[in-house]
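The values are calculated or read from the model by the stated rules, or taken from the named source; none is laboratory data. In this text, all values refer to a predicted model and were calculated from it rather than measured experimentally. Cβ placement follows ideal geometry from the backbone for every residue including glycine, while neighbour counts extend to all protein chains displayed. Surface accessibility is based on the protein's heavy atoms, side chains included, excluding ligands, DNA and RNA. Shrake-Rupley method; radii C 1.70, N 1.55, O 1.52, S 1.80 Å.
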Amino acid sequence: MANNGRRSVKQKKGPSTGTGGHGRKALEGKGPTPKAEDRTYHKAYKSKQLAERSAAKRGAARPGTGARSGPKGRATEELVTGRNSVVEALRAGIPAKALHVAIRIEMDDRVKESLKLAAERGIPLLETGKPELDRMTEEAVHQGLVLQIPPYEYQDAYDLAEETLAKWKKGHISNAPIFVALDGITDPRNLGAIIRSVSAFSGHGVIVPERRSVGVTASAWKTSAGAAVRVPVARASNLNNALKQFKNMGIYVLGLDGDGDVSLPDLTVATEPVCIVVGSEGKGLSRLVRENCDQIVSIPIDSAMESLNASMAVGISLYEVSRQRSAK
């Protein structure tokens, strides 16, 4: 076939004129890689969303999400974990904000009783996934049950003393006020036992320092056997200042120590308003607290080599004060 005098032109391979910028946009990239928790397809994103929803549902039990915080921003809410601990806490009547139950939990007698007790007390039951329970408890062994304890509402030490004295002077309470102050006690079981003794001998309150001291935890609630409902626990920002204020209000401050200058049976101010101060079993009363006591009282024991547990010393002292008051 004739080509009409034209010759075919073979095209060269490679880029043609005017195509140099077509791939520039692709070479620029898509910017920095987003964090895993910001990528909607990543499991970290789903975990973050679950945590945020759970925090909102629980009333945000951690600092920065609306939770009540203690000294230096620490959350004062507490978690009781494990089937035995949870059922015992519910039996003891510990105040609870919510009971978290794992989805599809394997039922046993402890779980059934926990659910029954929570329902009877009107405690909200929240069905929660295991990953969230692990996060809440910081990987502690929870066995599918987590009890959320609300913060304890402490009274002010000065206000408690002032109100109690006013009631006594008006005849609203028959016995002179009696308080117990803790100096360096850090074991919550000691606090619970002391609260129980104060309740047994008609005491009017327990004073704890704000720093370096035990607080009303789930363990303290449980050891008190419900007495923490009846006996107020007050906080003092500075124990020594509180003791000075007590003395100015007419309350005798009595420190318990094995080297006391007065033996407990020889106490002469038992019928007056008193505040009994007890130190830790190892260190005893601190120097400044000793200086702020009206008297240092010792409990006579048979062996000089032995010492009394703080809660036991308080119980014995309260019994003697109560005995002397009854004898008057």
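Observations, loosely collected:
- Screening Leu160, Leu99 for residues that are under 22 Å from the mean Cα position of the chain (by Cα) and under 30 Å from Glu272 (Cβ atoms) leaves exactly one candidate, Leu160.
- Subset of the stretch 71-82 [surrounded by 16 or more Cβ atoms within 10 Å (Cβ to Cβ) and either at pLDDT below 50 or of a type in the set (Phe, Trp, Tyr) (or both)]: Ala75
- Selected residue (only one of Ala176, Ala161 is assigned to a loop (DSSP other than H, G, I, E, B) and open to solvent by less than 40 Å² (accessible area, probe 1.4 Å)): Ala176
- Counted residues, the stretch 89-127 - those being under 20 Å from Ala220 (Cβ atoms), in a loop (DSSP other than H, G, I, E, B), open to solvent by less than 40 Å² (accessible area, probe 1.4 Å) and not small (Gly, Ala, Ser): 2
- Tally of residues being among the acidic types (Asp, Glu) and outside any loop (DSSP other than H, G, I, E, B) across the stretch 149-158: 1
- Leu145 vs. criteria touching a helix residue (DSSP H, G or I) at 6+ places or on another chain (Cβ under 9 Å) and crowded, with 16+ Cβ neighbours inside 10 Å: yes
- Scanning the stretch 184-219 for residues that are open to solvent by less than 20 Å² (accessible area, probe 1.4 Å), over 14 Å from Asn309 (Cβ atoms) and not in a loop (DSSP other than H, G, I, E, B) yields Ile195, Val198, Gly205, Val206, Ile207, Val208, Pro209, Ala218.
- Yes/no for Ser85 being open to solvent by 40 Å² or more (accessible area, probe 1.4 Å) and modelled with pLDDT of 50 or more: yes
- Residue within the stretch 243-250 that is on the phi > 0 side of the Ramachandran plot and in a loop (DSSP other than H, G, I, E, B) present: yes
- Residue count for the stretch 128-148 satisfying the condition of being under 16 Å from Arg83 (Cβ atoms) and not in a helix (DSSP H, G or I): 11.
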